[in-house]
Number of protein chains: 4
Amino acid sequence: MKTFNIAFLGAGRMGMTHLRNLVGVPGVRVRVVADPMAEAAQAGAAAVNAERASADIAASIAAPDVDAVMIATPTGTHAELIEQAVRAGKPVWCEKPVAMTLDDTQRVLKTVEASGQPVMIGFMRRFDPGYAAAKRAIDAGDVGRIERFRALSCDAVPPPLSFIKTSGGIFVDMMVHDFDLARFLVGEIEEVSAWGASLIDPGFAEAGDVDSCVALVRFANGAIGSIEGSRRTTWGYDIRTEVAGSKAKLIVEGQNKTPLLIARHVGHEGDYYQSFPDRFEAAYKAEMTYFFDCLRQGIMPAPNVRDALESLRVALAATQSLQLGRPVRVDEIK
Amino acid sequence: MKTFNIAFLGAGRMGMTHLRNLVGVPGVRVRVVADPMAEAAQAGAAAVNAERASADIAASIAAPDVDAVMIATPTGTHAELIEQAVRAGKPVWCEKPVAMTLDDTQRVLKTVEASGQPVMIGFMRRFDPGYAAAKRAIDAGDVGRIERFRALSCDAVPPPLSFIKTSGGIFVDMMVHDFDLARFLVGEIEEVSAWGASLIDPGFAEAGDVDSCVALVRFANGAIGSIEGSRRTTWGYDIRTEVAGSKAKLIVEGQNKTPLLIARHVGHEGDYYQSFPDRFEAAYKAEMTYFFDCLRQGIMPAPNVRDALESLRVALAATQSLQLGRPVRVDEIK
Amino acid sequence: MKTFNIAFLGAGRMGMTHLRNLVGVPGVRVRVVADPMAEAAQAGAAAVNAERASADIAASIAAPDVDAVMIATPTGTHAELIEQAVRAGKPVWCEKPVAMTLDDTQRVLKTVEASGQPVMIGFMRRFDPGYAAAKRAIDAGDVGRIERFRALSCDAVPPPLSFIKTSGGIFVDMMVHDFDLARFLVGEIEEVSAWGASLIDPGFAEAGDVDSCVALVRFANGAIGSIEGSRRTTWGYDIRTEVAGSKAKLIVEGQNKTPLLIARHVGHEGDYYQSFPDRFEAAYKAEMTYFFDCLRQGIMPAPNVRDALESLRVALAATQSLQLGRPVRVDEIK
Amino acid sequence: MKTFNIAFLGAGRMGMTHLRNLVGVPGVRVRVVADPMAEAAQAGAAAVNAERASADIAASIAAPDVDAVMIATPTGTHAELIEQAVRAGKPVWCEKPVAMTLDDTQRVLKTVEASGQPVMIGFMRRFDPGYAAAKRAIDAGDVGRIERFRALSCDAVPPPLSFIKTSGGIFVDMMVHDFDLARFLVGEIEEVSAWGASLIDPGFAEAGDVDSCVALVRFANGAIGSIEGSRRTTWGYDIRTEVAGSKAKLIVEGQNKTPLLIARHVGHEGDYYQSFPDRFEAAYKAEMTYFFDCLRQGIMPAPNVRDALESLRVALAATQSLQLGRPVRVDEIK
């Protein structure tokens, strides 16, 4: 297996996350972790046993022992670093977004396409096992013609208001993930209609943004859909995507993180059944209908007295086993 | 459709439930509701527009305008009333149990079989949509050869201790429903091994019973299984049945009564995801592997800069729609 | 308990359903079932043991022995029959809708309010245990300030195209239930923005309607939301409603009708875990971190060799019990 | 943070899994990967950038630059290698089991305790987020007094029969994980009663083992429970654990690996609702009762004609929005 020698740029919080994930990937050797803050670069290099740390990003891209570049620096630097790397003849993986404006993004696209270098942008949701399986199901035709799409994305904790002012707004900063999923799963979007509201914190409105949003989307293939987002929930990160088609509906949702369910009285009145009359309400009705149907058709109904006898026999055997402290054969009970 | 003329015996709590269910059953006319307590009989008759109420049970069974008898009187009277009815040449539906002893039940069985009359015993769980569908799936071969069975039955509220003394014990009074389901779904039981404990209330032990129990069951067809029961939960009525076979596993469980879920922080630490790093942990790793696989195979990876461009374009269209208060075509954004 | 004497108008399909439900309601006596089709009236009367059947609707409303009127006749007749009944001084329950136009509905409202008679319209979803519990939770403040609303309504089987032409369109005929729920759970709606598409059958477009729709809603209290609907699914009737607020999110959804789950390989690749390495992937990592944390902090880690010893002892006791066919005390294993 | 220098013994399949997990653990440096098969040792060393590979296990344990030993060699070697390591004064992490017999395990325990070295055995389930959260909930008193325990463990694919003969049997090889969980979550086990059957493959019986098992367990604290296991399912790895107490019931179950649900007609008849009459059956009944209760109590019922009017107004606004292609204020509709 060919091994790639990597320059990894940016050792901030997300950079460290990506670096640690990189360790498990076969065929990758991190030559250099570069960050203008030398300490961060060193911490990053140490975390992955990289050969060296560097505060010089340009030199790290250009280094002759580097054959691919990974970019996790602040957003405003992505465009230029992608361009530097592809001009140096090196493939790139870069965190999203490329840039905050169409113009900048188009310029990068032009440079990248001229270079012929592979460049990947980190819309990581496409690689979630749920979304990836959804895509496979769609491509396999399991969903049929797609008719409707719905995406919900809510952060648990809002970002600081200082960030909001430079974020590009909720649609560019946050819902772009849902637009990307819509394009990934359904196809190109032709038209949108969006509403927003500032319901969580008036600071969002003051910053020229909204904290809650809904939007309609219309796809080139005729499907329609909606998007909903919020900067804050009080019950956790809330991501749900639905794709409904002529054959099936896909729902990608990872609501419960931990495989533990606690059953107790904290839900709401009526959450659980109270006893056999409510749990088996339908059964009580069905058995009456069945009984008279049997009579009408001349069929002997069951469960009958023999069933009562045999079930009682088992119950008595269990009672005897409880008393004797040993297994009891049912035919011992006579 | 032939109409059956019914004598309904016993207008206590369960009797009233059965009477009300009877109303929705087509082809049934309640001629008489009989109960030794005249007021109860009258209330029962009124509830279903029965022709008459009576305090004379024997006369009600014998009445010439009655062609079938339904019995919801106290347990101790079931055996004799079933026998009276079939001797009068009338089919019978009777609440469970037939009797508390094998001898009494066998005597009734003999009388019933001699009479040739249809007699049905109210093990109503068999008519629950879940259990009925499970039975159909088993009979259709969907489960394959049954290997393992498991049943859980827990009441939410324990019965009064005064009742426990005459109940026949937890296996005869309560778990007999699970033994009946085991026989219904899997087949005859050959051997049982039972343990019990008095953990909820020492009164159960004083009454010679247990309040919690577990048991092993071995079926004639080779399958094995377990039964678990309790007289009290603090989270609601808890009934779950599992049938595992060579082709599939069936689970019948009706845990949530009301179709309402409340998402909020009342579960446990770790119940929900907190943000994208934990929700999309697997995605972050998968995308790294994918990127290097693409490089290795000479494939251009996606999402690429063009994807970033198009998703950004949609996000900007949404932002503009939000500002203009009208739908915006994505190709307006250039 | 006061008994109401009812004239029930309309014994078609929904009329019969309502009639049968009526039987279980205490304190109600059906005096007359009226339907212009005499046979239908008689079948309806027979089903509930009504005193009489009638083909004369006006006379049935006016009958002196009738104190309340229930209307399940065809939609076009609702307005006039409600007016007749309240003018006759009788309270009314009527199937939705009152009428297909605002003018007609306003005229009925005026007549009803002038009469002072109680008149109820059958938006039955409000009485579903899930929606009713959601309303209680909202009123109790459990959800906090409502921020977002979402409703989905999809029929499993589309109506005949002949009906579509006179249906008033998907929003008036179908989504009005969701608008009613929105108003019931969140509050009055101020603005809507709707899109539709004809994806299922071109007949919908030919009839001037759509078969799939999405819409945005803005509430007077500032909340925003979306609505989605379809005339046909291939996986069953699909109704889901979400109300997200500052304290919690409510989800009303009744997806599974029968409490039976079948576990088998029919889902999709990756639906189930294959073995311990994938199921316990996180555990394998966590235990490594824990081990070194213990070393670092000078804590003896567990599970340790004593745990291995005691768990093995239980396993050997189980093995011996299996061989001997009797319970084995763990301290017998030495 | 102190860094530990590790000798990792055994680079087979599980060894490689553990090695890869080790990479993400901070403060760990793998000095040597040792395996009698030199190639395996080298592959293991390469995978984690270890300093060296070795075919000499004893030398690797003894190496002066190694301060802790991790053991993932074949089962039969665990006991001796643990003893070598602790005698060399080094802490140990070792895959389960320590040994297949009580005698060997007790001997190791004695050596370990004499050495004072920390030794941890890899019962990894305790570190699963679900089991760990269950333990925290129990320790926090959320479950109250534990009354009942239930564990299910089923492999998806049976091991080769050649392995079965030396496996120690299903309880020692497989269910020991459940016994360990029982001890971890509930407490020490005093008594077991076990049954088994050979239902999947007669080879298990020929090898002196069973492929399916059930057992009762009785805990020193009075709780009772059951265990169920199988060597093969056809629907995936199936692990479920229940702990029921006086305050709550915990269920640890990770059934679905991928957060994707596909709704389609592949379940069973009755799996989904078909339409409003079955989905809203309870609602139809509840609204009737409510209507007459209102009449009886002199309350004006709702939804009323005004509700019908306002919901219709919204529906008409949506219809107009659909036709005009722009948002419509509801008060435009008059």
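The values are calculated or read from the model by the stated rules, or taken from the named source; none is laboratory data. All values reported here derive from a predicted model rather than from experimental measurement. Backbone-built Cβ (ideal geometry, glycine too); neighbour counts: all protein chains shown.
Give the residues of segment C:220-230 that are more than 16 Å from A:I200 (Cα to Cα) and either aromatic (F, W, Y) or crowded, with 24+ Cβ neighbours inside 10 Å (or both), sorted by residue number.
If the condition is that a residue be more than 16 Å from A:I200 (Cα to Cα) and either aromatic (F, W, Y) or crowded, with 24+ Cβ neighbours inside 10 Å (or both), then C:S226, C:I227, C:E228, C:G229, C:S230 are the ones that fit.
Checking B:R264 against (1) at the interface with another protein chain (Cβ under 7 Å from one of its Cβ atoms); (2) touching a Pro at 6+ places or on another chain (Cβ under 6 Å): exactly one of these is not met. Which one?
Answer for B:R264: the failing condition is (2).
Looking only at segment B:114-131, which residues are within 14 Å of chain C (Cβ to nearest Cβ), in contact with a helix residue (DSSP H, G or I) (Cβ under 8 Å, 6 or more places away or on another chain) and either in a strand (DSSP E or B) or not aromatic (F, W, Y) (or both)?
Passing the criteria: B:R125, B:R126, B:D128, B:P129.
State yes or no: is B:A215 within 11 Å of chain A (Cβ to nearest Cβ) and in contact (Cβ under 8 Å) with a residue 12 or more places away in the chain?
yes
Each row is one residue, and each column tells you yes or no for (1) more than 21 Å from C:D238 (Cβ to Cβ); (2) modelled with pLDDT under 95; (3) not basic (K, R).
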| position | (1), (2), (3) |
| --- | --- |
| A:D142 | no, yes, yes |
| A:A156 | yes, yes, yes |
| A:P159 | yes, yes, yes |
| A:K165 | yes, yes, no |
| A:G169 | yes, yes, yes |
| A:F179 | yes, no, yes |
| A:L185 | no, no, yes |
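For segment C:153-177, which positions are more than 9 Å from chain D (Cβ to nearest Cβ) and surrounded by 21 or more Cβ atoms within 10 Å (Cβ to Cβ)?
The answer is C:S153, C:C154, C:I164.
Cβ-Cβ under 8 Å, sequence separation 6+ or interchain: first residue in segment D:80-98 and not assigned by TED's automatic domain parsing to the domain that holds D:V69, partner aliphatic (A, V, I, L, M) and not in a loop (DSSP other than H, G, I, E, B). Which pairs?
Hits for this filter: zero, empty list.
All but one of (1) assigned by TED's automatic domain parsing to the domain that holds D:P202; (2) in contact with a Gly (Cβ under 9 Å, 6 or more places away or on another chain); (3) β-branched (V, I, T) hold for D:V157; state the number of the condition that does not hold.
(2)
Sort through A:T319, A:T233, A:T258 and tell me the only one that's buried (at least 22 other Cβ atoms within 10 Å of the Cβ) and touching a Cys at 6+ places or on another chain (Cβ under 6 Å).
Answer to the check: A:T233.
Filter segment A:179-200 down to the residues that are more than 8 Å from every other protein chain (Cβ to nearest Cβ) and either acidic (D, E) or without any contact (Cβ under 8 Å) to a residue 24 or more places away in the chain (or both) and list them by number.
A:S198
Residues in segment A:61-69: is at least one in the same structural domain as A:G15 (by TED's automatic domain parsing), farther than 20 Å from A:S115 by Cα and not acidic (D, E)?
Taking every residue of segment A:61-69 in turn, none turns out to be in the same structural domain as A:G15 (by TED's automatic domain parsing), farther than 20 Å from A:S115 by Cα and not acidic (D, E).
Among C:G187, C:G203, which is the only one that is outside any strand (DSSP E or B), over 30 Å from D:G122 (Cβ atoms), touching a Phe, Trp or Tyr at 6+ places or on another chain (Cβ under 6 Å) and assigned by TED's automatic domain parsing to the domain that holds C:V157?
Selected residue: C:G187, the only one of C:G187, C:G203 that is outside any strand (DSSP E or B), over 30 Å from D:G122 (Cβ atoms), touching a Phe, Trp or Tyr at 6+ places or on another chain (Cβ under 6 Å) and assigned by TED's automatic domain parsing to the domain that holds C:V157.
Looking only at helices (runs of 4 or more DSSP H) that lie completely in segment B:254-334, which have at least 2 residues being without any contact (Cβ under 8 Å) to a residue 12 or more places away in the chain and in contact with a strand residue (DSSP E or B) (Cβ under 7 Å, 6 or more places away or on another chain)? If you could, list the steps in order and put the result at the bottom.
Working: elements: B:276-279, B:281-297, B:305-324.
Answer list for segment B:254-334: B:281-297, B:305-324.
Starting from residues that are in contact with a Gly (Cβ under 6 Å, 6 or more places away or on another chain) and outside any strand (DSSP E or B), keep the ones in segment B:221-253 and report whichever is farthest from the other protein chains (Cβ to nearest Cβ).
Step by step, filter segment B:221-253, then rank; the result is B:N221.
The rows are residues; the columns are (1) surrounded by fewer than 20 Cβ atoms within 10 Å (Cβ to Cβ); (2) among the polar types (S, T, N, Q).
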| residue | (1), (2) |
| --- | --- |
| C:T3 | yes, yes |
| C:A34 | no, no |
| C:S54 | no, yes |
| C:D65 | yes, no |
| C:T75 | yes, yes |
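If we keep just the residues of segment B:95-128 that are over 12 Å from B:E83 (Cβ atoms) and in contact with a Lys or Arg (Cβ under 7 Å, 6 or more places away or on another chain), which is surrounded by the most Cβ atoms within 10 Å (Cβ to Cβ)?
Taking the candidates together, the pick is B:I121.
Could you tell me how many of the residues in segment C:84-94 are surrounded by fewer than 18 Cβ atoms within 10 Å (Cβ to Cβ) and part of a helix (DSSP H, G or I)?
Summing the residues that are surrounded by fewer than 18 Cβ atoms within 10 Å (Cβ to Cβ) and part of a helix (DSSP H, G or I) in segment C:84-94 gives 1.
Take the residues in segment A:99-113 that are free of Cβ contacts under 8 Å to residues at least 24 places away in the same chain and in a helix (DSSP H, G or I); name whichever of them is nearest to the other protein chains (Cβ to nearest Cβ).
Here the residue is A:L109.
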